[in-house]
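The structure appears right after this line, and notes come after that.
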Amino acid sequence: MTPAGRFLSPGQNRELRGTIVSERKIFYRLPSDDDLVVCHRCGELRRWGDFMRDRSKRSGRGSMCRWCNAEKSREYYAENREAILEKQVARRGGRRLVVALECSECGDPLEPPRRVVCSPRCREARFKRLHPESYAAREAAKVVRRRERRQAAKAAT
């Protein structure tokens, strides 16, 4: 079975695999989501559920709370913005992502989360301009629904 003088661990020996390993004692207790733990960055007591998941750790959670992790990510992006954007361009095959600075319909400046249009009214106008057939069909369906509602209201009274 084994060469003389050499002992295999349960993981290496196919005959022992699964028997001794399952009997291993666990000396580490995983915290529940409501347990309080200290964040290693800000030093505050936080719920264990507020820590980022990290599969490389034994506990399955990272050592920083999610707010500290977000702050760290923002700092990293601010320091390495150009390199990150160049990697994204290389990943897209040389094409840059174009972000509009003004609304495509009314020309007003866009606020940060917006990318193409500034309001629902401009979004509707853009859809009407780009997809006239679909817009006409949608409006016709609205007319039919309104007509049916009016008839149902008349029948109820």
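The values are calculated or read from the model by the stated rules, or taken from the named source; none is laboratory data. Note that this is a predicted model, so its numbers are computed, not measured. Cβ atoms come from the backbone with ideal geometry, glycine included; neighbour counts cover every protein chain shown. Quick note on the areas: whole protein, heavy atoms, side chains included, nothing else; ligands and nucleic acids left out. Shrake-Rupley method; radii C 1.70, N 1.55, O 1.52, S 1.80 Å.
Taken over the range 81-119, the criterion of being out of contact with any Lys or Arg (no Cβ under 9 Å at 6 or more places or on another chain), part of a helix (DSSP H, G or I) and open to solvent by less than 80 Å² (accessible area, probe 1.4 Å) is satisfied by ALA83, ILE84, ALA90. LYS25 falls short on exactly one of the conditions (1) modelled with pLDDT under 75; (2) under 30 Å from ALA70 (Cβ atoms), and that condition is (2). Any residue at all in the range 59-67 that is exposed (fewer than 10 other Cβ atoms within 10 Å of the Cβ) and closer than 30 Å to GLY49 by Cβ? No, that holds for no residue.
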